[in-house]
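The values are calculated or read from the model by the stated rules, or taken from the named source; none is laboratory data. Treat the numbers as computed from the prediction; the structure is a model and nothing was measured. Glycine also receives a Cβ, built like all others from the backbone with ideal geometry; neighbour counts cover every protein chain displayed. Side chains are part of the model used for accessible areas, which takes the heavy atoms of the whole protein and leaves out ligands, DNA and RNA. Shrake-Rupley method; radii C 1.70, N 1.55, O 1.52, S 1.80 Å.
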Amino acid sequence: MFIDRIVHSAALLAVTSLPALLAGSALAAPIDTAPATGTLQIWIGGAEGDKLPAFLADFEKANPDLKVQITQIPSDQADAKLLTAIAAGTVPDVVRLFSQSQASLMATGAFAAVPEGLVKPDAFFASAYETNVKDGVAYGVPWDAYATTFQYRKDLADKAGLAAPKTWDELKTFAKAMKTQGATWGFSADVGYDIYNAQGLNEFVHQNGGSFLNADKTEWTINSEANIKALEFWGSLFTEGLASPDGPKFLDTVPWFTSGEIASKDIGPWFEQWLVQANGQDWVNAKLASALMPAGPSGSFSALGSGSLGVLKDGKNPDAAWKLVRYLTQPDVQVAWYKAFGSLPAVKAAWDDPAIAGNPLLDAERQALQTAVDIPQVPTWNQVGTYLGQQMELVARGQASAKQVLDDVQSFAESAGLGN
């Protein structure tokens, strides 16, 4: 579920220099319900590729004249390999995409529009579906989705007599109280100082009524007053000694949380299983709780992470590709994939299944997905977001003001443009 944290830097920079192909401007013809035939080529990266072949046994049984070929690609090579294939016209039929890089990939114009009636857009969490839409046309279908939530040591909170914080002010009160209960740091935020720092700041920006782009997504608004105030608040968590600017890094979160070195963090739903693997279910039941992100002046917003399925225009079997996409986004299949791999469904109805609805730690996750905010879906976000994340370290360490950093990033973003 956290594979999309890998930044494919070389590929992401390269895509902005590729000439954009002509993108489809209308929905394709509907896909029938007859069994798929021929050969279907799927490209998928990472651990998901290990699970998918066995998972598709039922799909293959229902389509006996279809031969499914799955190519597993290391996650850090997936974008570069796909870009090469697009340029050469040797693409697969269907690929797995991540919201962090799909805008750059879709800017090539290599993806087919979603056929009319294939899926119902309102069946998905709106923010996840919108990551695939450009100029009113969808070029991908969500497969999974997650939102960050406020996850904390409930045993320490209970000792302090505190519930989860609901506002920015309460977050600081909570973090200070956790330190009195023995935590070294009351709160933790991403400190990789990379594109994921920028994604995390995006939720604080929206909590303060800001945005990195203007309403019609034609201009960068990174140094708006609302965004400056949001970065100031984020930075104050470090400069006031409530969070460490040095850690934990993403993969170090479990030992820091287990030991009590940190008492809370905004993190995705995979955290529960990480802690189960490290400490056992009883430990998690006793010590972990989850809540919505504390609200800023404009409310509670979380950072969205999502993955989609895209079909390539130059693929040899689009009919079978779209039938697979339709199959994988059925509610019962989404639940089955959750049980098999752990990815949370992008289809809202799947969340009613007891396998998900019965887990109280996912209650806040379901609420957060209703309003989760995505990164700017523009091709140059990868450069801009990476630069923003790097410069945020200056604020965390008190070496520059939020205004100085965002003014600098605004200039960088304007030079990079939007890539459309």
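Here is how the numbers come out for the structure above:
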| item | result |
| --- | --- |
| In region 224-267, the residues that are more than 30 Å from D407 (Cα to Cα), assigned to a loop (DSSP other than H, G, I, E, B) and among the small types (G, A, S) | G260, A263 |
| Positions within region 205-220 being surrounded by 20 or more Cβ atoms within 10 Å (Cβ to Cβ) and either of a type in the set (S, T, Y) or in contact with a strand residue (DSSP E or B) (Cβ under 7 Å, 6 or more places away or on another chain) (or both), in sequence order | H206, Q207, N208, F212, W220 |
| Cβ pairs under 9 Å, 6+ apart, first in region 305-323 and touching a residue at least 40 places away in the same chain (Cβ under 8 Å), second open to solvent by 10 Å² or more (accessible area, probe 1.4 Å) and among the basic types (K, R) | G305/R5; G307/R96; S308/R96; L309/R96; G310/R96 |
| Qualifying residue in region 42-51 (condition: assigned by TED's automatic domain parsing to the domain that holds A350, of a type outside the set (G, A, S) and free of Cβ contacts under 8 Å to residues at least 40 places away in the same chain) | yes |
| Residues being β-branched (V, I, T) and in contact with a helix residue (DSSP H, G or I) (Cβ under 6 Å, 6 or more places away or on another chain) - total across region 96-136 | 2 |
| Any pair with Cβ under 7 angstrom, 6 or more apart, that starts in region 349-366 at a residue that is without any contact (Cβ under 8 Å) to a residue 60 or more places away in the chain and ends at one that is open to solvent by 60 Å² or more (accessible area, probe 1.4 Å) | W351/R366; A355/K339 |
| Region 206-223, residues that are within 23 Å of S127 (Cβ to Cβ), in contact with a helix residue (DSSP H, G or I) (Cβ under 9 Å, 6 or more places away or on another chain) and either in a loop (DSSP other than H, G, I, E, B) or not assigned by TED's automatic domain parsing to the domain that holds Y196 (or both) | N208, G209, G210, S211, F212, E219, T221, I222 |
| Looking only at region 27-75, and only at residues there that are among the small types (G, A, S) and in contact with a strand residue (DSSP E or B) (Cβ under 7 Å, 6 or more places away or on another chain), the one that is nearest to Y327 (Cα to Cα) | A36 |
| Cβ-Cβ under 6 Å pairs, at least 6 apart or on other chains, region 174-189 side in the same structural domain as F233 (by TED's automatic domain parsing) and closer than 17 Å to A163 by Cβ, far side among the charged types (D, E, K, R) and buried (at least 17 other Cβ atoms within 10 Å of the Cβ) | G186/K179 |
| Restricting region 394-420 to residues that are among the small types (G, A, S) and not in a helix (DSSP H, G or I), the residue that is surrounded by the fewest Cβ atoms within 10 Å (Cβ to Cβ) | G398 |
| Search result, residues across region 178-194 that are over 22 Å from K229 (Cβ atoms) and crowded, with 20+ Cβ neighbours inside 10 Å | M178, A183, W185, D194 |
